[in-house]
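Q: Before I ask anything, here is the structure I am working with.
The values are calculated or read from the model by the stated rules, or taken from the named source; none is laboratory data. Just so we're clear, the structure is a prediction, and the values are computed from it rather than from any experiment. Here the Cβ is made from the backbone with ideal geometry for all residues, glycine too, and neighbour counts use every protein chain on show. For the accessible areas, the whole protein counts, side chains as well, though only heavy atoms, and no ligand, DNA or RNA atoms are used. Shrake-Rupley method; radii C 1.70, N 1.55, O 1.52, S 1.80 Å.
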Amino acid sequence: MSSWETLDPRYRLILCDVWGVVHNGVALYPGAAERLTRWRDDGRCVILLTNAPRTQEAVEQQLARIGLPSSCWDAIATSGEAGIAALKALDTPVGFIGTADDRRVLESRNVRFADDGEFDDLACTGTREGQPDPEDYRQELERLLARDVHLHCLNPDRVVVRGGVPEACAGAIADIYQMMGGRVTWYGKPFPAIYEHALDRAGKPPKEEVLAVGDGLQTDILGAARMGFDAVFVTGGIHGGEPFPDDFAERNGLGDWRPVAVVDGLA
């Protein structure tokens with residue numbers, strides 16, 4: 001693929017990342033809305049695939065505030081939806097690490113929280129307000145580890161860039177806990193459940209008709225490769241213009257897999 005204009009017509013389903021590809025957390029990237037619209041005009045199904053630890057409705061509201069028309073996509077699949085289903089299935093109150101807004105979103109979907117500290121499972125959606133450094137959570141995580149608390153990570157991303165400023169995500173906290181020996185369940189890319197959910201919503205097309213687009217090597221790109229999808233690596237997001245690493249496939253046990261294209265963005 002030499003440019004987006006020569007995208008193979010066999011790709012009937014586009015699984016497009018959001019943060020770092022469509023917007024930077026503050027504003028849309030130039031040409032992003034137009035590219036999504038073009039794909040839909042071409043008869044392709046566009047599903048926005050995001051590690052946002054929130055509901056589809058919450059992501060839709062965020063995109064509306066940023067200025068992305070709802071006509072740009074067919075569906076949205078979030079890591080939050082997968083995590084919410086698992087938390088509700090526990091049928092018991094859980095602990096929480098994240099923002100007050102994220103907690104309200106989960107509560108709106110009937111996830112129950114234990115404010116008395118008595119819980120065996122904990123939902124992590126990211127850092128708390130005023131406590132942005134994942135290292136500041138070590139003592140709290142040590143106490144959770146001593147109780148063998150099971151941490152549910154609703155956003156496997158380690159970091160995003162909001163308006164040019166790096167911001168730690170839930171994955172960074174979960175990494176620390178897992179390295180301590182704690183139990184962690186991950187929801188979202190690069191794990192299969194979110195892809196299977198998206199494929200179901202698109203009518204389960206064959207893998208040959210699926211193209212993943214993303215900027216996160218260890219989430220978007222690794223997840224696509226493990227699923228057997230073709231992928232386009234967007235350099236203009238979290239990796240700040242760095243080229244696709246030549247040893248990516250070798251480091252991740254992917255044989256000779258490579259993305260079908262490397263681009264700066266959707267424009």
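Q: So, in region 103-124, exactly how many residues are open to solvent by less than 100 Å² (accessible area, probe 1.4 Å), out of contact with any Ser or Thr (no Cβ under 9 Å at 6 or more places or on another chain), at pLDDT 95 or above and assigned to a loop (DSSP other than H, G, I, E, B)?
A: Counting residues in region 103-124 that are open to solvent by less than 100 Å² (accessible area, probe 1.4 Å), out of contact with any Ser or Thr (no Cβ under 9 Å at 6 or more places or on another chain), at pLDDT 95 or above and assigned to a loop (DSSP other than H, G, I, E, B) gives 1.
Q: Look at Ala64 and say whether it is of a type in the set (Gly, Ala, Ser), open to solvent by less than 20 Å² (accessible area, probe 1.4 Å) and at pLDDT 95 or above. Before you say what the answer is, go through the steps one by one.
A: On the way: of a type in the set (Gly, Ala, Ser): yes; open to solvent by less than 20 Å² (accessible area, probe 1.4 Å): no; at pLDDT 95 or above: yes.
Taking the combined requirement at face value, the residue does not satisfy it.
Residue-wise test of (1) within 24 Å of Gly80 (Cβ to Cβ); (2) assigned to a loop (DSSP other than H, G, I, E, B); (3) touching a Phe, Trp or Tyr at 6+ places or on another chain (Cβ under 9 Å).
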| site | (1), (2), (3) |
| --- | --- |
| Ala198 | yes, no, no |
| Gly203 | yes, yes, no |
| Leu211 | yes, no, yes |
| Asp220 | yes, no, yes |
| Gly223 | yes, no, yes |
| Gly237 | yes, yes, yes |
| Gly240 | no, yes, no |
| Asp246 | no, yes, no |
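Q: Residue pairs, Cβ under 9 Å, 6 or more apart or interchain, first in region 127-138 and under 14 Å from Asp102 (Cβ atoms), second among the small types (Gly, Ala, Ser) and open to solvent by less than 90 Å² (accessible area, probe 1.4 Å). List them.
A: Filtered contacts from region 127-138: Thr127/Gly98; Thr127/Ala168; Thr127/Ala170; Thr127/Ala172; Arg128/Gly98; Arg128/Ala100; Glu129/Ala100.
Q: Name the residue, out of Tyr177, Tyr137, Tyr195, that is within 19 Å of Pro53 (Cβ to Cβ), at pLDDT below 95 and crowded, with 18+ Cβ neighbours inside 10 Å. Talk me through it step by step, then tell me what you get.
A: On the way: Tyr177 fails: at pLDDT below 95; Tyr137 fails: at pLDDT below 95.
After ruling out the rest, the residue left standing is Tyr195.
Q: Let me ask something additional. Do you know which of the residues in region 39-60 that are open to solvent by less than 70 Å² (accessible area, probe 1.4 Å) and part of a loop (DSSP other than H, G, I, E, B) is nearest to Gln218 (Cα to Cα)? Lay out the reasoning, then the answer.
A: As a first pass, look at region 39-60 and keep what is open to solvent by less than 70 Å² (accessible area, probe 1.4 Å): 39, 43-56, 58-60.
Still in the list and also part of a loop (DSSP other than H, G, I, E, B): 43-44, 51-55.
Values: Gly43: 30, Arg44: 26, Asn51: 12, Ala52: 16, Pro53: 17, Arg54: 20, Thr55: 23 Å.
Going through the qualifying residues, I end up with Asn51.
Q: Provide a single number: the residues in region 212-230 that are touching a strand residue (DSSP E or B) at 6+ places or on another chain (Cβ under 6 Å), crowded, with 24+ Cβ neighbours inside 10 Å and not acidic (Asp, Glu).
A: 4
Q: Against the definition (farther than 14 Å from Asp264 by Cα and open to solvent by 10 Å² or more (accessible area, probe 1.4 Å)), how does Leu36 come out, yes or no?
A: For Leu36, the condition - farther than 14 Å from Asp264 by Cα and open to solvent by 10 Å² or more (accessible area, probe 1.4 Å) - is not met.
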